[in-house]
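The values are calculated or read from the model by the stated rules, or taken from the named source; none is laboratory data. As the structure is a computational prediction, the values presented were derived from the model and not from experiment. In this analysis, Cβ positions are derived from the backbone assuming ideal geometry, glycine residues included, and neighbour counts consider all displayed protein chains. Accessible surface is based on the protein model in full, side chains and every heavy atom, while ligands, DNA and RNA are left aside. Shrake-Rupley method; radii C 1.70, N 1.55, O 1.52, S 1.80 Å.
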Amino acid sequence: MLWRAMLCVLLAAALFACRDKAWQVGESVRALDSDVAAALGDTSSDNSGDLVADDVPAIQYPRALPPCCAFGGDLKVAVGRVPLPGVEIGNLLGPGAIGAHRYDNGYLSAQRGDPRGIVDDENNGLIYTCRGGFIDLAHVRDNADNTLALASAIARSLETGRTIEIPPQGAAMRVRTRPVSAAAIAKFGRIPLSVALAEWVAFELSVWHEIATYYGYASIAQWPEKISAFSPEDLYSNEIGVRLAGGVITSRGARSDIEYGLNMDAWIKRTLERLGAVPLKDSKAAMRAVDGAWWDSDKRIPDWALVKRRRFDTGPFLRPWLLEDATPGTQGPVTALSRCKESKPPLVLHILDGFSGAYFRDYATIEFDVDDLLVNGGFPLPRPDSRLVTQEDFPTIIEKARAQTLEALGPGAAAP
């Protein structure tokens, strides 16, 4: 992958020259507060509109390694049982330090026409918000990109259905969609139908990522990711990313990769403002406040017990974990930050299971052929004679992970 990135940079290729197909060229950047609010479910707005199948750009599903942030602050590291003195991971940041978004980040971007120049550092990390708790920007970005790719694939095949191959994560993964009637497409529009289904699929795939990492999958084999599986901020951040992509697409802000990146920059900024993102010093104070409650600063990466609390609920409503929800930590009772005491109520995200009376599961199935790594890691196959899993099996699998976590970390480990 490195040689491909270097080739892209040296050639200064035009729009996605090193990818399978280019997006269409677009210029507008639009992040109206009303659009952001509608995407987050914080108000209502009508952003209907339509395209025919051939007008939808083909977008390759993201393949770059997703950055991973363990929950905590100034985290210490060990290799095996050997501590690495002086090595700390400071994964908190303030709103002003957030870098530019780029689709499928992992390559340097040197695309003609990108006013941001070379985009090579999104500067991801955790940021505390008054209305949304801790937000993991890497999860926001990854799930936004996944939603965009899924919406593209679904929109191009609404009438026929298709099989969408997804890069493996502890399993061979595919999405099978079924045809949507011409009458429904005419009534509701290609964009609203495709985006709604893509958002549902993307969130379900994000749940699988938590499951897979819990049972042994890692982007880098030598770096276990169970430490971050089902951490307090993950699923909420995942859904935020899904919603942002849906909003950008619906407002016609993803007609090219440059335009999408610019719009995501604006939408992320607007969203953090709406959620009440706090300065870095306050995010650090928030993380210190839940030391001993949600994480243990005495433990080192990759000890999975470093994160003491895990969130296993996947909807239909996701309420953020806020400081005032936490049990006492090493510094005593946890209270809201002073700057958050006059904030609006927490933003609860509703995970929809259908569109206008039709259930998404009737139009899409996500299949996982579980590999040896997960099986050897104790993955609870729902059927002893098969390794095939679908999203319908998630509740049973998650409940077993939850029970194992309570046994290992204590009876309060699945709640704030």
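All of THR405, THR396 fail the test of being in a helix (DSSP H, G or I), hydroxyl-bearing (Ser, Thr, Tyr) and open to solvent by 50 Å² or more (accessible area, probe 1.4 Å), apart from THR396. Within the option set ASP385, ASP372, ASP362, being modelled with pLDDT of 95 or more, over 25 Å from the mean Cα position of the chain (by Cα) and open to solvent by 60 Å² or more (accessible area, probe 1.4 Å) holds for one residue only, ASP372.
Here's the yes/no breakdown for (1) within 30 Å of LEU373 (Cβ to Cβ); (2) touching a helix residue (DSSP H, G or I) at 6+ places or on another chain (Cβ under 8 Å); (3) modelled with pLDDT under 95:
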| site | (1), (2), (3) |
| --- | --- |
| ARG243 | no, yes, no |
| SER251 | no, yes, yes |
| ILE268 | no, yes, no |
| ALA289 | no, yes, yes |
| ALA293 | no, no, yes |
| THR314 | yes, yes, no |
| THR327 | no, no, yes |
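Of all residues in region 198-247, count the ones that are among the small types (Gly, Ala, Ser) and not in a loop (DSSP other than H, G, I, E, B). The number of residues fulfilling the criteria is 10.
Put simply, of ARG319, ARG243, ARG309 the only residue that is surrounded by fewer than 19 Cβ atoms within 10 Å (Cβ to Cβ) and not acidic (Asp, Glu) is ARG319. So, of the residues in region 134-165 that are more than 22 Å from ARG255 (Cα to Cα) and under 21 Å from the mean Cα position of the chain (by Cα), which turns out to be most open to solvent (accessible area, probe 1.4 Å)? Among them, the one singled out is GLU165. A single member of ASP121, ASP136, ASP145 is within 30 Å of TRP321 (Cα to Cα), out of contact with any helix residue (DSSP H, G or I) (no Cβ under 8 Å at 6 or more places or on another chain) and among the charged types (D, E, K, R), and it is ASP121. Can you find a residue that is out of contact with any Gly (no Cβ under 8 Å at 6 or more places or on another chain) and either surrounded by fewer than 17 Cβ atoms within 10 Å (Cβ to Cβ) or closer than 28 Å to ILE211 by Cβ (or both) anywhere in region 250-262? No, every residue in region 250-262 fails to be out of contact with any Gly (no Cβ under 8 Å at 6 or more places or on another chain) and either surrounded by fewer than 17 Cβ atoms within 10 Å (Cβ to Cβ) or closer than 28 Å to ILE211 by Cβ (or both). ARG131: closer than 25 Å to ASP372 by Cβ and open to solvent by 10 Å² or more (accessible area, probe 1.4 Å), yes or no? Here the answer is no, as ARG131 does not meet what is asked. For region 275-300, a residue qualifies if it is open to solvent by less than 10 Å² (accessible area, probe 1.4 Å) and assigned to a strand (DSSP E or B), but none of them does.
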